[in-house]
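What follows is a single structure, written as C-alpha cells, with notes after it.
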Amino acid sequence: MREHFFAYASFMDPETAAQACGPMLAVGPAALRNWRMVFDSPSRQHPGYGRGGLSAAPGHVMWGVVYALSPEQAAKLDAAEPDHERMRVTVRLKSGAVRECFACRAKTSVPGLKPHPDYVALIVRGARKHGLPHDAIADLLPLMGSARPGG
C-alpha cells in the first residue's frame, strides 16, 4: 500500500527525490495551511547554510508536492533523512481534493540559517516542474540572490 508524502523544499525536485528514494509517483501540488517553510536545519552539502524545515504559522499557506510512495521508498526516505521525523498533515491538492499525508521535519532547529542559492534553485525547479502557483514560486526567487551563510 502506498503512503502519501507531502514534499517541500528540495524534495519537490523529482531528480533530488529520486536520488534518495528512486522515481516517485507525483499525485500533484498541494497546500498545507498554517505552516511555512523555514531553513533551520543545517545543510550537509553547504556548511553554514540551512535546509528546508516546517514552522507553525497561523494563517500562512505553504505549497509542496504530494507523492505516493511504496513502503520501500518510504523506508529509503526515512534512512536518507535521519535527522528528521515524520509528522501527519492534511493538505489540499491543487485539484481541490484533500489528502492525509506525512511530512518530514527536522528534529532540531537552528535559528538564523539561510538557504544556499543552489538549494533554492532546486526548490524553484521542483516547484515549476509540478506547476505550483506563480505566487509561491515568486516568494522563493529573492532567496536565490540574498542568502549568506549563518544569516
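Readers should treat all values here as calculations from the given coordinates under stated rules, not as data from a laboratory. Model, not experiment: these values are computed from the prediction. Glycine gets a Cβ as well: all are built from the backbone with ideal geometry, and neighbour counts include every protein chain shown.
Observations on the model:
- Mean separation of Cα contacts under 8 Å, 6 or more apart, over the residue count of segment 15-151: relative contact order %: 27 percent
- Each label point was placed 7 Å from the Cα along the Cα-to-Cβ direction; for VAL110 and ALA56 their separation is 2.5 nm.
- Between MET1 and ARG92, the C-beta separation translates, for a Förster distance of 35 Å, into a calculated FRET efficiency of about 0.95.
- For MET144 and ALA26, the difference between the fully extended length at 0.36 nm per residue and the C-alpha to C-alpha distance is 39.9 nm.
- Leading residue at positive end of dipole, the chain (Cβ point charges), from PRO14, HIS46, LEU143: LEU143
- Full-extension gain in nm, ILE137 to ASN34, via 0.36 nm per residue minus C-alpha separation: 35.3 nm
- About its Cα centre, the dipole of segment 3-143 is roughly 280 debye, where the only charges are +1 on Lys and Arg Cβ and -1 on Asp and Glu Cβ.
- With contributions of -39500 (n - 2.57) from each DSSP H run of at least four residues, the per-residue ellipticity at 222 nm computed over the chain stands at -9000 deg cm²/dmol.
- With the biggest extent put first, the Cα atoms of segment 3-143 measure 37, 33, 26 Å across the principal axes.
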